[in-house]
Amino acid sequence: MSDQTGSMNRRIKMGMVGGGPGSFIGEVHRMAARLDNQIELVCGSFSSDPEKSKRTGAELYLDPARVYDDFEQMIKAEAALPKGERMDFVSIVTPNHMHFPPAKAALLAGFHVMSDKPATLNFDEVIELRELVQSTGLLYGLTHTYLGYPMVKQARAMVAGGVLGEIRKILVEYPQGWLSQYDENLHENKQAEWRNDPTRSGICGAMGDIGTHAHNLVEYISGDIMSQVCADLNIYVKGHKLDDDGSVLFKMKNGASGTLTASQVCAGEENALTIKIYGEKGGLEWHQMEPFVLLHKPHGSVMQTYTAGVDKNNLYAEAHSACRVPSGHPEGYLEAFANLYTGFAEEIRAFDGEYRGHGLIGIEEAVRGMAFLEAMVKSNGSDDKWTEIEL
């Protein structure tokens, strides 16, 4: 066991970068991390404004001495603390352009990293990040929330178990409506404002924000890798600088084909992420807004409905282990997020100091997600029909 973490007969200690005033996702990460009582927040640099960081730290009842002005100060100070007292890992919940710098600094200082997606601002950064993860041997996790749902794990296990046979077709869509109207006060909407800035969001807007979730879900459930894309990206709303809508034809490495749609201008929609996956023996269907239900449609037979719950004996082990309550008590977004953090805590407890890939949703998914965005932008600006996803 690595001596970086000290004794593991305690909760795992977390530091946070970002998540200050106006941050929706920061509080989601904090709630998810503490849900199963495996992780405690001990320090943070919550804002680029030191006063805002101090205010957030006070609201979270943290020791003022461990609320820092910036992430460099935090990492240096925490590294100087005794083993078992210092943070064990850093959670990064900033806008995209600030994902890589603290991740790099934390890894070089000997700390594990859990990051919001996408992993970096651009492809060059994610390649450097992969090299750092491999050379330091430390853990890196990427919070693709929807992979924490029990029924997503059930779908993955059923596909891996051959229930559908050879996979042929995958349809995934993620329509939202929150950016469907022109906002004259865009600068006052923190969540929308930075996503509309290429210097902070990256090369994509809607596709970078929610298209990466759809891409990741396709690869996770199918157990396959997306290899080619034919993309159409659009900007519909006046004042938007990055895509607010897009559609992609794609091909998988093992031969399946599909379509991926991600849009934030579907007026009236909330978070209607849906995936349908079809093989030679039947199909599966899952809706994020009814996440505790998975539909199985066997060819020539009656549709079957799987639901989550610790009392279910027809679930695969992966799905069952992600449930907390009996059936009829729906678990949702926060519980799915918590499964990611609890799994990361378990990986830290088992960490032996050597990089082995770890089986986390982590650096390899991070690279493929950024490669997907690069390939889409290239395809959108090309006269060629198909664009290779270059890993």
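We did not get these values from a lab; they are worked out from the coordinates using the rules stated. Quick caveat, the model's predicted, so the values are computed rather than measured. All Cβ positions, glycine included, derive from the backbone under ideal geometry; neighbour counts span all protein chains shown.
In table form, for the structure just shown:
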| quantity | calculated |
| --- | --- |
| For Leu41, residues with placed amide H under 5 Å, excluding near neighbours | Met14 |
| FRET efficiency estimate (nearest 0.05) - Cβ-Cβ, Phe24 to Lys238, R0 30 angstrom | 0.75 |
| The chain: relative contact order as a whole-number percent, Cα under 8 Å and 6+ apart | 20 |
| Hits among lysines - C-alpha to C-alpha of Lys153 under 29 Å, sequence gap 8 or more where chains match | Lys13, Lys117, Lys169, Lys251, Lys253, Lys276, Lys281, Lys297, Lys312 |
| Largest-first principal axis extents, alpha carbons of the stretch 30-154, Å | 41, 33, 29 |
| Nearest-20 debye value, the chain charge dipole, Cβ charges on Lys, Arg, Asp, Glu | 800 |
| For the stretch 267-272, Karplus couplings with θ = phi - 60° (6.51, -1.76, 1.60), whole Hz, Gly/Pro x | 3, x, 8, 10, 10, 8 |
| Förster radius 51 Å - calculated FRET efficiency between Val163 and Asp352, Cβ distance, rounded to 0.05 | 0.90 |
| Global form of the stretch 274-391, assessed from the alpha-carbon gyration tensor, a/c cut-off 1.5 | oblate |
| Rg [Å, one decimal], Dmax [Å, integer] - the stretch 156-270, C-alpha atoms | 16.0, 52 |
| Long-range tail of P(r) for the chain (Cα pairs > 26 Å, %) | 53 |
| C-alpha long axis of helix 50-59 to longest principal axis of the chain, angle in ° | 80 |
| Extension gain, His329 back to Lys76 (0.36 nm per residue minus Cα-Cα distance, nm) | 86.7 nm |
| Once exposed loop chymotrypsin sites (Phe, Trp or Tyr not before Pro) are cut out (DSSP; at most 12 other Cβ, 10 Å), longest piece of the chain | 183-391 |
| Phi-based couplings in Hz for the stretch 156-162 (Karplus 6.51, -1.76, 1.60; Gly and Pro marked x) | 4, 5, 5, 5, 4, x, x |
| Cα-based helix-to-principal-axis angle, 123-136 vs the chain, degrees rounded to 10 | 60 |
| Net charge over other residues, Cβ less than 13 angstrom from the Cβ of Asp69 (K, R count +1; D, E count -1) | +1 |
